1. Does the range 22-31 include one or more residues that are within 14 Å of ligand 2 (Cβ to nearest atom), crowded, with 19+ Cβ neighbours inside 10 Å and either touching a residue at least 60 places away in the same chain (Cβ under 8 Å) or over 15 Å from the mean Cα position of the chain (by Cα) (or both)?
2. Within the range 1-110, considering only helices (runs of 4 or more DSSP H) that don't extend past its boundaries, which have at least 1 residues that are more than 30 Å from Glu184 (Cα to Cα) and among the polar types (S, T, N, Q)?
3. Evaluate the following for Thr72: is it more than 30 Å from Tyr109 (Cα to Cα), under 21 Å from the mean Cα position of the chain (by Cα) and more than 13 Å from ligand 1 (Cβ to nearest atom)?
4. Any residue in the range 1-13 that is under 19 Å from Lys44 (Cβ atoms) sitting within a Cβ distance under 6 Å of a residue that is among the charged types (D, E, K, R) and modelled with pLDDT of 95 or more? List the pairs, counting only those 6 or more apart or interchain.
5. Considering only residues that are under 18 Å from the mean Cα position of the chain (by Cα), more than 11 Å from ligand 1 (Cβ to nearest atom) and basic (Lys, Arg), which ones fall in the range 105-127?
6. Name the single residue, out of those in the range 49-72 being surrounded by 13 or more Cβ atoms within 10 Å (Cβ to Cβ) and either among the β-branched types (Val, Ile, Thr) or closer than 10 Å to Trp24 by Cα (or both), that is nearest to ligand 2 (Cβ to nearest atom).
Amino acid sequence: NIKGFAFDLDGVIADTARFHGQAWHQTADEVGTVWTDELAENLKGISRMDSLELILNAGGYGQKYTTAQKETLATQKNDKYLELIKTLTPADILPGMKKFLDELKDQQYHLSVASASKNAPTILKQLKLTDYFDGIVDPATLHAGKPDPEIFVKAAEVMGLDPVNVAGLEDSSAGITSINSAGELSIGIGSQLNEAKIKFAVTDEVSLVAIKTQLIG
Ligand code: G6P
Ligand code: MG
């Protein structure tokens, strides 16, 4: 019995996953790591510093940089990302998601945001969606990021719900693992999410009826 939905933000609500990719691609070029589709996919849902470590390790540069140099690289990436999202408006909400959020609101479901991004509050404001949510999990409070269950457990707490009554929406493999480990119903959006209990190819297909159909199916 689902009473609340915990939403990932980048690539689920906001068309921003491509901007994270674009900014990290630049970091990869700078340190000398070859940028591949697989690396791009593996970075989805992963926190800023963990993403940087993945990029450095992919090129074999895990030991090459000091902590201070890593901080600089991460700051440069974020500055680039902030530049890319500066002009974000409600038009950058992914297809069908505004309609889905309205449907959930109308039917009095609880809503929360479970994004690893420290930029999530800013983006929600730009998309004019802040008021839809009971709350946003602050990723700075987490002991471990996705795929650890902590962020989705906290997203349930924010809504005052038990994880068994929560569904989580994700476009990343790390995020689906997090939802499943939290004991919530996982809804995957994208093509490479085999572990998701419910699957959609694109955001446009997501609706309460479509979710119920797959659950019964
Ligand atoms: C989301 C994105 C990741 C990003 C992470 C941290 O999970 O999917 O690509 O690295 O947030 O974002 P931030 O805005 O804090 O650097
Ligand atoms: Mg995402």
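The values are calculated or read from the model by the stated rules, or taken from the named source; none is laboratory data. The shown structure was predicted, so the numbers you read here are calculated from the model rather than taken from an experiment. Positions of Cβ are generated from backbone atoms using ideal geometry, with glycine treated the same way; all protein chains shown enter the neighbour counts.
1. Step one: list which residues in the range 22-31 are within 14 Å of ligand 2 (Cβ to nearest atom), which gives 24.
Add one more test, that the residue is crowded, with 19+ Cβ neighbours inside 10 Å, and what stays is 24.
From what is left, the residues that are either touching a residue at least 60 places away in the same chain (Cβ under 8 Å) or over 15 Å from the mean Cα position of the chain (by Cα) (or both) are 24.
So far as the range 22-31 goes, yes, one or more of its residues are within 14 Å of ligand 2 (Cβ to nearest atom), crowded, with 19+ Cβ neighbours inside 10 Å and either touching a residue at least 60 places away in the same chain (Cβ under 8 Å) or over 15 Å from the mean Cα position of the chain (by Cα) (or both).
2. Values: elements: 17-31, 37-43, 48-58, 67-85, 97-106.
Of the helices (runs of 4 or more DSSP H) lying wholly inside the range 1-110, those with at least 1 residues that are more than 30 Å from Glu184 (Cα to Cα) and among the polar types (S, T, N, Q) span 17-31, 48-58, 67-85.
3. Values: more than 30 Å from Tyr109 (Cα to Cα): yes; under 21 Å from the mean Cα position of the chain (by Cα): no; more than 13 Å from ligand 1 (Cβ to nearest atom): yes.
Against the criterion (more than 30 Å from Tyr109 (Cα to Cα), under 21 Å from the mean Cα position of the chain (by Cα) and more than 13 Å from ligand 1 (Cβ to nearest atom)), Thr72 does not qualify.
4. Asp8/Glu170; Gly11/Asp171; Val12/Asp171
5. Scanning the range 105-127 gives a single hit, Lys125.
6. Ranking the candidates gives Ser51 first.
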